[in-house]
Amino acid sequence: MLSVAQLQLGQRAVIAAIQGEDVVCQRLLEMGVCEGAEVEVLGFSPFGDPLEIRLRDYRLSLRRSEAARISVRLLTGGSR
Amino acid sequence: MTAIEAVRPRLQSRVVALIGNPNTGKTTLFNALARMRQRVGNYSGVTVEIKKGRMTFDGKSFEIIDLPGTYSLAPRSPDEMVAVDLILGQQPGEPRPDVVVSIVDASNLERNLYLTTQVMELGIPLVLALNMTDVADGQGLQIDAARLENQLGIRVVPIQANKGKGLERLKKAIDEAVDCPPPMRAAPAFPEPFEREEAAFGARLGGRWPPFLIRRLLLDIGGYTEKRLATDQMNGLREELQSARLRLASAGCKVPEIEARTRYGWIRQMSAHCVRRPERRPITWTDRLDHVLTHKIWGTAFFLALMMLVFQTIFAWAVPLMDLLKFGKEWLGELLRGSLPAGPLASLAVDGVLEGVGSVLVFLPQIMLLFAFIAIMEDCGYMARAAFLMDKIMAGCGLSGKSFIPMLSSVACAVPGIMASRVIENRRDRLATILVAPLMSCSARLPVYTLMIGAFLTSGYPGWVPGLTLFAMYLIGLLVAPLIALLLKRTILRGETPVFVMEMPVYKRPSLRTVLRRVLDSGWAFVRRAGTFILASMVLIWALLYFPREDEQGQSYDLQIAKLRGDLSNLKQNTKFENDDAKNAIEDAAQAIEKTIAQIDGEWKRNSYLGRIGHTLEPVVKPLGWDWKIGMAALASFPAREVVVGTMGIIYNMGKVDSGNIRDLEQVGATPLAKALQEDKVFTVPVALSLMIFFALCCQCTSTLAVIRRETNSWRWPLFTFGYMTVLAYLGALLVYQVGNGLS
């Protein structure tokens, strides 16, 4: 299954699950990264990590290591 | 009159707690509500500050507590627990709030309401302040506040905190909410299996824990409530907790996921009735700005330019202000010296207290200028972008992008740098940043470097040697700091990986009031909390250098010097010369007196208690190639590194040397002090290098230690910093001297 870390710029996807039960996982959940929520990749930092996504009505940045734990179903979009 | 009012005397002020996510305008609202008498609350073991202020409405007085901004009430550290304890009335010495005001960003309602649903469970009357309604409008979001009020079962007041709109209605709602019942009925219901486990645990703990903490205990794996349970005298509860969570997982209520699922599910359902979204999301200013400011090339270029401006400001533009303070200090010193009789009192006033006060105030320009930048960057939303751009670099040493600005600022001065570490929410990251910030080569080391390089590594060396040596000294800090940070994060600050999950807030125009307030607060906080300690250490070193004040014949040094100074000024007043010979003769006489003063001063300081300590410690500093005089100068520089130059001047009979004048490498070598050092047989190139390395790595700076004490709210961390840096400095100097001496 695809993870947020594998998404391209501008792609949109729906969150399916988050791996783990540790503090990283809890923090992501609190921020609204949970099943059913939609994400869109907005950009990448100069070194490709972290990345910026749109989630609910706001922008969130997270590292690839965290993004890799969020599995998603691809909706649409692609390189703008 | 209700029951609650009957119990409370009418005069007692009501307590209102303000809670909300970061970037919701909470501080702006606090400043707008509590204009009068703001103060800061401190709790032991806690590094966050909690602000309090007063508000009046309808003739009644309210105390407002500004809780730290947070996304969730799932405490993992003492810092995060404070907010929970305060609202539950469990914080010793603090009354339970009568009302909680939850401030939310209307343009980002879903995520903001997550925290609100948690606050609903705390059993306290609640008012929702719906802020940033203008931003929501800009995004085409239409929020039906009346409906929201109905759905949530609590008062909802639309406001624009930055424009002061809706504040009167909010105050009225707070006043009315005091006597309302807490909004328990509206909070989202957790699935039945979860509530069953909760009830069982509540019974097991015999009702000693509030229901909210029982819920947190089940939900927060490795959270603070678990740690509290460990101190609670009950056996086997940990195992019971484990099996309860396992049962929940098999019942389809996996922890921690169940919480987010329940709350966000409820929020979505509820907001479907109250929020109308546009068909297509309009492109906002934030979209346009972010496109440039987080761009690989343009974003980085803008960031670098901005950082250069920040650095230039605190490194160079603060200097005129600092010089002005120094000038004022010297002027006042002369005035005091002239009006007080020579003796311990005059010396204490001028060399101890005035010097101490001056060395506190001299930091203010840098601190306040840096905080002006930080406040603007945070308030307009750029700070998160800066952290975003720099994160990868800082991740290399186990930190996050948020540590970049504190570290960069520390290259000018660690004091504002350490204070800037407040932008880092993660406790361990913040501590690591604070502990390594003093390693960055600050401007106070420059006089030491320039004196040593000017005296020993300039004449007779190729032109590139001085510059390269200076560069190497800066490089040491830049290399050692990340290594130590990494080491700390792997050892004493080890723990769960900090989560770099950061909101990128909407850009907005910074509010002048918020910025000014922050600048003034930072300056005042430094003076009040760090000032006393710095002053005390200055007076201590002064006393160690002043006593004993009599020479072998029993004559006091300062009286001798005062008398000679009197002679000198008499000589200088005589400005009418009959011819050049007479002029020269007088100038020669003046020079002879100045030389005698320097000699007496040198003898005095060498004989002082500090000088004696230097003698005793000579075996310790011998392996570094130092003699007791260098050791004593290093000891005397405990209040601040640059003091070493002035002290060396005195010990080497050269009178007091102003470290501020030692800047230009070319000229330093020709100064009397440099010449005296060159003539001293002890001083060789390896010794100069060893001294430079020592000062590059040591923490001879009470201001830094005082500010660490203030920021961590404990003596442990400044002591630790001083300890590890001194060991590091000693080893570094030892290595350089022994290798250097072996080679030469």
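The values are calculated or read from the model by the stated rules, or taken from the named source; none is laboratory data. Because the structure is a prediction, the values reported are computed rather than measured. Cβ: placed from backbone, ideal geometry, glycine included. Neighbour counts: every protein chain shown.
Against the criterion of being away from every other protein chain (no Cβ under 14 Å), more than 30 Å from A:Leu29 (Cβ to Cβ), more than 23 Å from the chain's Cα centre (by Cα) and in a helix (DSSP H, G or I), B:Phe533 does not qualify. Here B:Gln151 passes the criteria (1) outside any helix (DSSP H, G or I); (2) at pLDDT below 95 except the one numbered (1). Restricting the range B:5-27 to residues that are among the polar types (S, T, N, Q) and modelled with pLDDT of 90 or more, the residue that is nearest to B:Thr116 (Cα to Cα) is B:Asn21.
Is one or more of the residues making up the range B:402-411 under 18 Å from the mean Cα position of the chain (by Cα), touching a residue at least 40 places away in the same chain (Cβ under 8 Å), assigned to a helix (DSSP H, G or I) and surrounded by fewer than 24 Cβ atoms within 10 Å (Cβ to Cβ)? Looking through the range B:402-411, at least one residue is under 18 Å from the mean Cα position of the chain (by Cα), touching a residue at least 40 places away in the same chain (Cβ under 8 Å), assigned to a helix (DSSP H, G or I) and surrounded by fewer than 24 Cβ atoms within 10 Å (Cβ to Cβ). Of the helices (runs of 4 or more DSSP H) that lie entirely inside the range B:158-272, those containing 2 or more residues that are touching a strand residue (DSSP E or B) at 6+ places or on another chain (Cβ under 6 Å) span B:167-177. Look at (1) surrounded by 12 or more Cβ atoms within 10 Å (Cβ to Cβ); (2) of a type outside the set (A, V, I, L, M, F, W, C); (3) away from every other protein chain (no Cβ under 11 Å); (4) in contact with a Gly (Cβ under 8 Å, 6 or more places away or on another chain) and you find that B:Pro282 fails only one, number (1). The condition (being surrounded by fewer than 19 Cβ atoms within 10 Å (Cβ to Cβ), within 30 Å of B:Ile283 (Cα to Cα), out of contact with any Asp or Glu (no Cβ under 6 Å at 6 or more places or on another chain) and among the hydrophobic types (A, V, I, L, M, F, W, C)) is satisfied by just one residue among B:Ala136, B:Ala145, B:Ala129: B:Ala145. Here A:Arg54 passes the criteria (1) touching a helix residue (DSSP H, G or I) at 6+ places or on another chain (Cβ under 8 Å); (2) under 21 Å from B:Tyr264 (Cα atoms); (3) more than 7 Å from every other protein chain (Cβ to nearest Cβ) except the one numbered (1).
If only residues of the range A:8-20 that are under 19 Å from B:Phe500 (Cβ atoms) and at pLDDT below 95 are counted, the one that is farthest from the chain's Cα centre (by Cα) is A:Gly20.
All of (1) more than 13 Å from chain A (Cβ to nearest Cβ); (2) assigned to a helix (DSSP H, G or I) hold for B:Pro92 with one exception: (2). Here the range B:484-506 is the region considered, the condition is being within 21 Å of the chain's Cα centre (by Cα) and surrounded by fewer than 20 Cβ atoms within 10 Å (Cβ to Cβ), and the residue that is farthest from the other protein chains (Cβ to nearest Cβ) is B:Ile484. Take the conditions (1) surrounded by fewer than 20 Cβ atoms within 10 Å (Cβ to Cβ); (2) in contact (Cβ under 8 Å) with a residue 40 or more places away in the chain; (3) within 11 Å of another protein chain (Cβ to nearest Cβ); (4) closer than 21 Å to B:Gly299 by Cβ; A:Leu9 misses just one of them, which is (3). Quickly run through the range B:58-80 and pick out the residues that are under 22 Å from the mean Cα position of the chain (by Cα) and within 19 Å of B:Met120 (Cβ to Cβ). Result: B:Ile65, B:Leu67, B:Gly69, B:Thr70, B:Glu80. Every condition in (1) away from chain A (no Cβ under 13 Å); (2) surrounded by fewer than 17 Cβ atoms within 10 Å (Cβ to Cβ); (3) in contact (Cβ under 8 Å) with a residue 12 or more places away in the chain; (4) among the β-branched types (Val, Ile, Thr) holds for B:Ile214 except the one numbered (2).
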